[in-house]
1. Only one residue in GLY172, GLY261, GLY237 is buried (at least 19 other Cβ atoms within 10 Å of the Cβ) and in contact (Cβ under 8 Å) with a residue 24 or more places away in the chain, so which one is that?
2. Restricting to segment 169-182, name every residue that is hydroxyl-bearing (Ser, Thr, Tyr) and in a strand (DSSP E or B).
3. For segment 17-44, which positions are modelled with pLDDT under 80 and more than 16 Å from ILE245 (Cβ to Cβ)?
4. For segment 183-252, give me every one of the strands (runs of 3 or more DSSP E) that falls completely inside it and has 3 or more residues that are in contact with a Cys (Cβ under 9 Å, 6 or more places away or on another chain).
5. Based on what the data block shows, is LEU226 over 17 Å from LEU135 (Cβ atoms), modelled with pLDDT of 95 or more and surrounded by 21 or more Cβ atoms within 10 Å (Cβ to Cβ)?
6. Can you give me the number of residues within segment 264-283 that are outside any strand (DSSP E or B), surrounded by fewer than 16 Cβ atoms within 10 Å (Cβ to Cβ) and of a type in the set (Asp, Glu)?
7. Just to verify a result, which residue in segment 253-270, among those that are of a type in the set (A, V, I, L, M, F, W, C) and under 18 Å from PRO129 (Cβ atoms), is farthest from the chain's Cα centre (by Cα)?
8. Restricting the search to segment 145-168, which residues are modelled with pLDDT of 95 or more and either of a type in the set (D, E, K, R) or not in a helix (DSSP H, G or I) (or both)?
Amino acid sequence: MSKNWTCVTAIFAQEPDDWALMHDAFADNGIPGTIMEENPSRISGYCYEPKPEELATLHAALVGLGAKEIKTEEIPAEDWAESWKQFFKPRRIGQRFVVRPTWEEFQVGEGDVEIVLDPGQAFGTGDHPTTRMCLELLESTLKPGEVVADIGCGSGILSVGAMLLGAESCVGVDVERASVDSGIENAQRNNVEVPFFEGKGFDPLPKDATYDLVLSNIISAALIQLAPDASTRVRPGGHWIVSGIIQANWPDVKAAAERFGFLFESKLEELEWVAARFAMPAE
């Protein structure tokens, strides 16, 4: 028998000053992907087989952050995708990317790079600032023919984007089986070849494999832990693009990257989120 998803929605009397605190509350309690609405101001997250203690902690955290009402709703697994499709619409990102869901049509123009996506149960639609900024940095960084690794691949949106921009190859890794399955399907959907692996960090990949570009759209703590391995996997002259960072954690992420030899090059900011590009000095 299929199990249910749980949707938690926090409703606010007025738009919060810092949405990042709400995102963090969800992420800290097992819900890394969220959807925001402006009228009324609300934020929702979906969790599969939630732990009761995490739901209780999340509820208390959201109340402490000013939520006037919190709704918790069970959604049958077979209805989960339908419940959020209303939020995922085609959108332009950066100069060339167009991200659209499989169930929507969009008239692309000359030079557009279209990513057709069905994230399934994985995080990554291009609707969240962390993903958008990653795509923008990817677009401005990747050179055709480069070798890419997407660590924390979610739906595979960045892997697919890299291949469509002309990467020679890309591999994706995620700790969630649902993300691996989603990545495989989305690569096929966009007619690109990307092998996806279930595991943590670079662990599933060959020990001696190195990359021109590594993409990591994951939480700050995971980026800090990943920095030592990333420094040995990014080729001299290559880049590490990081995202999923809230402003308060940016100094720690930057310090960790620089501690292991990376040079900070640039960053993007949206709301309370930061994405950045680091370079590994050429030998």
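1. Values: GLY261 fails: buried (at least 19 other Cβ atoms within 10 Å of the Cβ); GLY237 fails: buried (at least 19 other Cβ atoms within 10 Å of the Cβ).
Sole residue among the options that is buried (at least 19 other Cβ atoms within 10 Å of the Cβ) and in contact (Cβ under 8 Å) with a residue 24 or more places away in the chain: GLY172.
2. Narrowing segment 169-182 to residues hydroxyl-bearing (Ser, Thr, Tyr): 169, 179, 182.
Residue satisfying the conditions is SER169 alone.
3. ASP17, GLY30, ILE31, ILE35, MET36, GLU37, GLU38, ASN39, PRO40
4. Working: elements: 196-198, 211-217, 234-246.
Because the criterion is at least 3 residues that are in contact with a Cys (Cβ under 9 Å, 6 or more places away or on another chain), the strands (runs of 3 or more DSSP E) in segment 183-252 that meet it are 211-217, 234-246.
5. yes
6. Total meeting the criteria: 1.
7. So the residue we want is VAL253.
8. If the condition is that a residue be modelled with pLDDT of 95 or more and either of a type in the set (D, E, K, R) or not in a helix (DSSP H, G or I) (or both), then GLY145, GLU146, VAL147, VAL148, ALA149, ASP150, ILE151, LEU165, GLY166, ALA167, GLU168 are the ones that fit.
The values are calculated or read from the model by the stated rules, or taken from the named source; none is laboratory data. Just so it is clear, the structure is predicted and the values come from calculations on it, not from any experiment. Please note: Cβ atoms are built from the backbone with ideal geometry, for glycine as well, and neighbour counts cover all protein chains shown.
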